[in-house]
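Below is one structure, written out as structure tokens; the observations come after it.
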Amino acid sequence: MKKIVIVGGGTGGTILANNLARRLTAELKAQKVSITLLSASDKHMYQPGLLYVAFGRMSSQELYQDQVSLLEPGIIFHVDPVTAFDMDNNQVLSESGSKYDYDHLVICTGSRPNPESVPGLAEHANHVYTVEAAEKTFRSLQQFEGGRVMIVTGVPHKCPMVPLELTFMMHDYFKDRGILDKVELYYTYPIGRLHSLENVGKWAQGEFDKMGVQYETLFNVKEVDGDHHQVHSEEGSVIDYDLLITIPPHSGMPVILENALGAGGWIPTNPATLQMEGRDNVFVLGDTTNIPISKAGSTAHYEAEALGENLAALVRQGTMVRTYEGKVFCFIEAGKDRATYASFDYKHPPQPQPPTQMMHWFKLAYNKLYWNSVRGLL
Amino acid sequence: MELIAALKLAEVGDELEVLSTDKGSANDIPEWINKVGHQLLECREEDGVHYIRVRKTR
């Protein structure tokens, strides 16, 4: 029997497990293959919903479903976080003390917000990367009566559209509250344009200019001086703020660091095959890779589909059949009731179109359809 | 962006090389390196690929 072990029950791991279970139904029944999914939680969170929690438009309860309810029959699922990888012996060890042997291993443990890595950031800035933080951000926005709202973005971070989406949505939120004339939105970005994707940056600049959003590029947050309400940048800038919003820097998960699988918790990964460098039977998905591509659910989704096809082919034919071309599709909320999208791959940059209400509705629909997507039905 | 992330993980004295097909990055990186005080060792283009080599100094 060929054993496939997937470590991580987020978007990538769940889609992959379901994709494989559908492709290998006959092999599962004949016990020629097993698919084991190991996760740190019995719940699955729809992480993009946190953005809406920060504006009071989704409740945190709507973000969760039971992980087991999302899985195809035949998948072996354990809430049993992996603590050690013994790749020379094709084994992982877990918190419960169990050992799981594998023929093919997939690591998709994700990333975590790490505002603590910047002095003062965790204490003084709001963000939307945990339920607690998103709910706190909503309270801060509700209580805000005017002044400068500063947006600072750490590197690397998850979901590349969030800095823009937060800014656009705050613009409309304050407009609806009738205090936009008392608010200055001050957007900063680490590189020399408004977004890492050049065309998205150009598009955003036009939108910001229309909305009156101020911006400063080449701004990497060095520290936050909460006593004086100031942010200091690595480049020497000092900006006063009244409300500080951050897209915090992210790190890989501790288990990746503790096992020395990659600097920063990012595992060196072949961008086409998704194999871990130096390990033919170990694959990496989603945020966990060191591939210079968006850390986003969509990335994990498309990677999981490519890998599902390849792992099924490896089980059946002993060879991989395709490569991952870098496909990503991201919605971009451009306010409270309009949106656009960025669709791109390694070779083809996105061409964002003017925002429409229709695209916003698609996004709202996707917020519900995600549960079908993660089951592998969409 | 990748260079910024990599520099955060590097040790002082380490050399890093960025290979980029993005013209914007080729302009921005030297400007940024100057601003934050790292050392630009090389910046060249070959067949549409920009090779930018940097030493972390602090």
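Every number in this text was worked out from the coordinates using simple rules, so none of it is lab data. Remember, it's a predicted structure, so these values are computed and weren't measured experimentally. Using ideal geometry, Cβ is built from the backbone for each residue, glycine included, and neighbour counts are taken over all protein chains shown.
Among the residues of the range A:335-343, is there at least one that is in a loop (DSSP other than H, G, I, E, B) and either under 16 Å from the mean Cα position of the chain (by Cα) or among the aromatic types (Phe, Trp, Tyr) (or both)? No - not one qualifying residue is present in the range A:335-343.
Looking only at residues in the range A:173-201 that are of a type in the set (D, E, K, R) and within 14 Å of another protein chain (Cβ to nearest Cβ), which one is surrounded by the fewest Cβ atoms within 10 Å (Cβ to Cβ)? In this case the residue turns out to be A:198.
Residues that are without any contact (Cβ under 8 Å) to a residue 60 or more places away in the chain, crowded, with 20+ Cβ neighbours inside 10 Å, assigned to a helix (DSSP H, G or I) and under 22 Å from the mean Cα position of the chain (by Cα): does the range A:202-215 have at least one? So far as the range A:202-215 goes, yes, one or more of its residues are without any contact (Cβ under 8 Å) to a residue 60 or more places away in the chain, crowded, with 20+ Cβ neighbours inside 10 Å, assigned to a helix (DSSP H, G or I) and under 22 Å from the mean Cα position of the chain (by Cα). Of all residues in the range A:275-290, those that are in contact with a strand residue (DSSP E or B) (Cβ under 8 Å, 6 or more places away or on another chain) and of a type in the set (Asp, Glu) total 2.
Give the residue, chosen from A:224, A:255, that is closer than 30 Å to residue A:82 by Cβ, touching a residue at least 60 places away in the same chain (Cβ under 8 Å) and not in a loop (DSSP other than H, G, I, E, B). Result: A:255 is the single residue among A:224, A:255 that is closer than 30 Å to residue A:82 by Cβ, touching a residue at least 60 places away in the same chain (Cβ under 8 Å) and not in a loop (DSSP other than H, G, I, E, B). Please go through (1) away from chain B (no Cβ under 14 Å); (2) touching a Leu at 6+ places or on another chain (Cβ under 8 Å) for residue A:113 and return the number of the only condition it doesn't satisfy. Exception for residue A:113: condition (2).
So in the range A:67-98, with the set limited to residues that are hydroxyl-bearing (Ser, Thr, Tyr) and within 23 Å of the chain's Cα centre (by Cα), which one is farthest from residue A:46 (Cα to Cα)? Among those residues, the one meeting the criterion is A:83. If you go through the range A:25-46 and pick out every residue that is over 26 Å from the mean Cα position of the chain (by Cα) and either closer than 25 Å to residue A:65 by Cα or not in a loop (DSSP other than H, G, I, E, B) (or both), you end up with 7. Residues that are among the hydrophobic types (A, V, I, L, M, F, W, C), within 19 Å of the chain's Cα centre (by Cα) and not in a loop (DSSP other than H, G, I, E, B) within the range A:130-166 comprise A:131, A:133, A:134, A:151, A:152, A:162, A:164, A:166, listed in sequence order. Within the range A:306-319, the residues that satisfy the criterion of being of a type outside the set (Gly, Ala, Ser) and either surrounded by fewer than 20 Cβ atoms within 10 Å (Cβ to Cβ) or in contact with a strand residue (DSSP E or B) (Cβ under 7 Å, 6 or more places away or on another chain) (or both) are A:307, A:309, A:311, A:314, A:315, A:316, A:317, A:319. Considering only residues in the range A:167-195 that are acidic (Asp, Glu) and assigned to a helix (DSSP H, G or I), the one that is nearest to residue A:211 (Cα to Cα) turns out to be A:172. For the range B:19-27, the count of residues that are more than 8 Å from every other protein chain (Cβ to nearest Cβ) and free of Cβ contacts under 8 Å to residues at least 24 places away in the same chain is zero.
Just one of (1) in contact (Cβ under 8 Å) with a residue 24 or more places away in the chain; (2) in contact with a helix residue (DSSP H, G or I) (Cβ under 8 Å, 6 or more places away or on another chain) fails for residue A:241. It is (2). The set of residues in the range A:246-288 being within 23 Å of residue A:373 (Cα to Cα) and touching a helix residue (DSSP H, G or I) at 6+ places or on another chain (Cβ under 8 Å) consists of A:273, A:274, A:283, A:285, A:286, A:287, A:288. Within the range A:239-257, if we keep just the residues that are over 23 Å from residue A:142 (Cβ atoms) and more than 14 Å from chain B (Cβ to nearest Cβ), the residue that is farthest from the chain's Cα centre (by Cα) turns out to be A:239. If only residues of the range A:258-268 that are more than 14 Å from the chain's Cα centre (by Cα) and in a loop (DSSP other than H, G, I, E, B) are counted, the one that is nearest to the other protein chains (Cβ to nearest Cβ) is A:262. Taken residue by residue, the range A:302-325 has no member that is part of a strand (DSSP E or B), under 21 Å from residue A:373 (Cβ atoms) and of a type outside the set (Lys, Arg).
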